[in-house]
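Report on the following structure.
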Amino acid sequence: MVLAGIWLMLKGYRIIGFRVLTALGEIDIVAAKHRTLAIIEVKHRSDLATALEAVGSAQHDYLRRAGRQISATTIGLRDFWVRLDLIALAPWRLPHHSRTLGPTMRAHVRDAELSGFETGRKTV
């Protein structure tokens, strides 16, 4: 996870949190660049192709909802676009940052989706 965070910072992202807990589950990395909030899933596999295929549709859904929840409830991030990304890690390979696992969206969140939000092990 640290390697993924360093890779993102080298690409100009500001890391907002690692292992951020929400009512919907844990997000590996939350980062921002310009007016986009990147919800990043990090996958470690034996090769990059397997890592890139490791995120299923159910995980897309919860990551999308969790990202919208964070954007809507965090001061300073409310007007950000939310994007789902994947960083694939494999031995002896540079990290592969795959942008936009799903549609980029603004955070329009219902009150029911906001219940139970909490920050994780690092600050949000």
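The values are calculated or read from the model by the stated rules, or taken from the named source; none is laboratory data. Just so it is clear, the model here is predicted, and its values are computed rather than measured. Using ideal geometry, Cβ is built from the backbone for each residue, glycine included, and neighbour counts are taken over all protein chains shown.
For the condition out of contact with any Leu (no Cβ under 7 Å at 6 or more places or on another chain) and in a helix (DSSP H, G or I), what is the one hit in Ala38, Ala49?
Numbers: Ala38 fails: in a helix (DSSP H, G or I).
Of Ala38, Ala49, the one residue that is out of contact with any Leu (no Cβ under 7 Å at 6 or more places or on another chain) and in a helix (DSSP H, G or I) is Ala49.
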- Message: Condition first: exposed (fewer than 15 other Cβ atoms within 10 Å of the Cβ), farther than 22 Å from Ile15 by Cβ and of a type in the set (Lys, Arg). Now tell me which residues in segment 32-65 satisfy that.
- Response: none
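Test Ala66 against the criterion of being of a type outside the set (Val, Ile, Thr) and at pLDDT below 90, and give yes or no.
Considered against the rule, which asks whether it is of a type outside the set (Val, Ile, Thr) and at pLDDT below 90, Ala66 comes out as yes.
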- Task: Using the structure shown, decide if Ala72 is touching a residue at least 24 places away in the same chain (Cβ under 8 Å), out of contact with any Leu (no Cβ under 6 Å at 6 or more places or on another chain) and under 17 Å from Gly12 (Cα atoms).
- Result: no
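Of all residues being of a type in the set (Val, Ile, Thr) and outside any strand (DSSP E or B) in segment 2-25, which is modelled with the highest pLDDT? Just the residue, please. So that I can check it myself, show each step before the final result.
The first filter runs over segment 2-25 and keeps only residues of a type in the set (Val, Ile, Thr), leaving 2, 6, 15-16, 20, 22.
Next, only the ones that are outside any strand (DSSP E or B) stay: 2, 6.
On the way: Val2: 86, Ile6: 92.
Once the filter is applied, the top-ranked residue is Ile6.
From the list Asp47, Asp28, exactly one residue is at pLDDT below 85, acidic (Asp, Glu) and closer than 22 Å to Val2 by Cα. Which is it?
Details: Asp28 fails: at pLDDT below 85.
One residue alone meets the criteria, Asp47.
Run down Ala23, Ala58, Ala66, Ala32 and say which single residue is more than 19 Å from His97 (Cβ to Cβ) and within 11 Å of the chain's Cα centre (by Cα).
On the way: Ala23 fails: within 11 Å of the chain's Cα centre (by Cα); Ala58 fails: within 11 Å of the chain's Cα centre (by Cα); Ala32 fails: more than 19 Å from His97 (Cβ to Cβ).
Only one candidate passes the filter, namely Ala66.
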- Tell me, please, whether a residue that is in contact with a strand residue (DSSP E or B) (Cβ under 8 Å, 6 or more places away or on another chain) and under 24 Å from Asp79 (Cα atoms) can be found in segment 42-55. no
- Please work out if Arg68 is basic (Lys, Arg), crowded, with 20+ Cβ neighbours inside 10 Å and within 26 Å of Asp79 (Cα to Cα). yes
- Please specify each residue of segment 22-31 satisfying the condition of being buried (at least 18 other Cβ atoms within 10 Å of the Cβ) and touching a strand residue (DSSP E or B) at 6+ places or on another chain (Cβ under 9 Å). Ile27, Asp28, Ile29, Val30, Ala31
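Is one or more of the residues making up segment 73-91 hydrophobic (A, V, I, L, M, F, W, C), touching a strand residue (DSSP E or B) at 6+ places or on another chain (Cβ under 8 Å), in a helix (DSSP H, G or I) and at pLDDT 85 or above?
Within segment 73-91, the first condition is being hydrophobic (A, V, I, L, M, F, W, C), and the residues that meet it are 75, 77, 80-82, 84, 86-90.
Imposing the further condition that a residue be touching a strand residue (DSSP E or B) at 6+ places or on another chain (Cβ under 8 Å) reduces the set to 77, 80-82, 84, 86-90.
Imposing the further condition that a residue be in a helix (DSSP H, G or I) reduces the set to none.
No, that holds for no residue.
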